[in-house]
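Comments concern the structure below.
The values are calculated or read from the model by the stated rules, or taken from the named source; none is laboratory data. Keep in mind that this is a model prediction, so the values were computed, not measured. Here Cβ is always computed from backbone atoms with ideal geometry, including for glycine, and neighbour counts include all displayed protein chains. Just the protein is used for accessible areas: all its heavy atoms, side chains included, with ligands, DNA and RNA removed. Shrake-Rupley method; radii C 1.70, N 1.55, O 1.52, S 1.80 Å.
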Amino acid sequence: MKKLFTKMKTACLITGFILFFANALRAQDAQQQKTMEIYGFVQTDAGYDFNQINPNWFDVVRPTQLPSFTNQYGTNGNTYFSVRQTRLGFKNWFTTPLGELKTTFEFELFGTGVDAGQTTFRLRHAYGELGKFGVGQYWSPFMDIDVFPNSLEYWGPSGMAFFRNIQIRYMPIQGDTKLTFALERPGASADGGVYADRIELQNVKARFPLPDFSAEYRYGQKWGYLELAGILRDIQWEDQNNDQYDLSGGATGWGLNFSTNLHLGKNDIFRGSYLYGEGIENYMNDAPVDIGIKNDLSNTVSPVKGVALPVQGIVAFLDHTWSPKFTTSLGYSQVKITNSNAQLPSDFRQGNYALVNLLYYPVKNMMAGVEYEWGDRHNYTDGFTSKISKIQFTFRYNYSQAFYKK
């Protein structure tokens, strides 16, 4: 009996030591500082376009890229495959005498601009943050990325403000409730309308003397949040022709964006926004030019002038969780432009966007889903309307690897 008691005592001591050592290791891991994280996902999209769209945008729904006249982009019915949503990112954390320095460098394979339609590297974020200050390319404070639904379609709601811009930002309030101010890289586009081919417009050059100024305030609570964002910008253009006309001018761009996430019970999140402004189209997810041309034919010196085009955007989506393995997103978005009177009859006036999906998460870090997508385009005055409907299947594999300071 004495030997048995001795053995039990020894076993208890060993077990206690193991438990103490394991707890010490866990405490040490908890105190370790994360210094770097590599993250992203590999994604494959496959689908069928029942209607036609600009071939450079074959795997998304963009109302501005739908036909502006019959069969502009060929015939209906195309199958597509894409890996352009695949993403890779790096985050780093550094301890400095001024606090923690955080950096983000992230890119994807979705070509835009001169690379539209291609599978190629595209920068998403190149951003650093120290305390209450941030510098680099990041989400504009005028947009609210949390309004973006849990969708498979890449481009997203047409009536949403969506712009990653180079900026200098100050964040006096951080956390669930936050306040942000930023000076952003300026830029805008213009439409010559019915006079686009006139030589008098060829040497009218844009000028941006001031940065865009944006701000956001978010009030966060357990039920979600309410956010109000605004933007103010100075857009100028100068007539460099030596003729009898003076087509120089300028416009003030401005906008307000009200957005929210509402937790409607534990399984539902409503994501919505309403936006209105003038001359802020390049901050929109899918809108045409910021400046349109307007007739003023009674003025012999300046018979036409540029004006900031009003824009309205609406987003309303519901994300529902059926179970730990199944979710659904469904909703609608609209962008609407108030055109100027010298724009072309075929210019873009309004776009609508909607989708519904079913997503399946069979194991950790893997998702498969199917989604039905729809959109349409309405021209300015010629009465032409085009639409698109698509079915998309997506397979995504997430990855993440964190590194800690020893």
Quiz item: Restricting attention to region 234-279, which residues are open to solvent by 50 Å² or more (accessible area, probe 1.4 Å), part of a loop (DSSP other than H, G, I, E, B) and modelled with pLDDT of 95 or more?
Solution: Leu264, Asn267
Quiz item: Which one is nearest to Gln244 (Cα to Cα), of the residues in region 289-317 that are assigned to a loop (DSSP other than H, G, I, E, B) and out of contact with any Leu (no Cβ under 8 Å at 6 or more places or on another chain)?
Solution: Val301
Quiz item: Which of the residues belonging to region 296-349 are under 21 Å from Asp382 (Cα atoms), open to solvent by less than 50 Å² (accessible area, probe 1.4 Å) and without any contact (Cβ under 8 Å) to a residue 60 or more places away in the chain?
Solution: Leu309, Pro310, Val311, Ile337, Asn339
Quiz item: Looking only at residues in region 212-227 that are among the aromatic types (Phe, Trp, Tyr) and in a strand (DSSP E or B), which one is least open to solvent (accessible area, probe 1.4 Å)?
Solution: Tyr225
Quiz item: Could we say that Gly113 is over 19 Å from the mean Cα position of the chain (by Cα), closer than 28 Å to Asp49 by Cα and modelled with pLDDT under 95 here?
Solution: no
Quiz prompt | Odd one out for Asn282, checked against (1) at pLDDT 95 or above; (2) more than 22 Å from Arg169 (Cβ to Cβ); (3) open to solvent by 10 Å² or more (accessible area, probe 1.4 Å); (4) not in a strand (DSSP E or B) | solution = (2)
Quiz item: Of the conditions (1) in a strand (DSSP E or B); (2) out of contact with any Gly (no Cβ under 8 Å at 6 or more places or on another chain), Gln392 fails just one. Which one is it?
Solution: (2)
Quiz item: So which residues in region 229-288 are under 19 Å from the mean Cα position of the chain (by Cα), among the aromatic types (Phe, Trp, Tyr) and farther than 19 Å from Ser140 by Cα?
Solution: Phe270
Exercise. Determine whether Leu66 is over 29 Å from Pro288 (Cβ atoms) and touching a residue at least 24 places away in the same chain (Cβ under 8 Å).
Key: no
Self-check item: Identity of the residue in region 126-143, closer than 24 Å to Gly272 by Cα and of a type outside the set (A, V, I, L, M), that ends up nearest to the chain's Cα centre (by Cα)
Solution: Trp139
Self-check item: region 167-182, residues that are among the hydrophobic types (A, V, I, L, M, F, W, C), over 23 Å from Tyr276 (Cβ atoms) and buried (at least 16 other Cβ atoms within 10 Å of the Cβ)
Solution: Met171
Quiz item: Which condition does Gly230 not pass, out of (1) open to solvent by less than 40 Å² (accessible area, probe 1.4 Å); (2) outside any strand (DSSP E or B); (3) under 24 Å from Glu129 (Cα atoms), if it passes all the others?
Solution: (2)
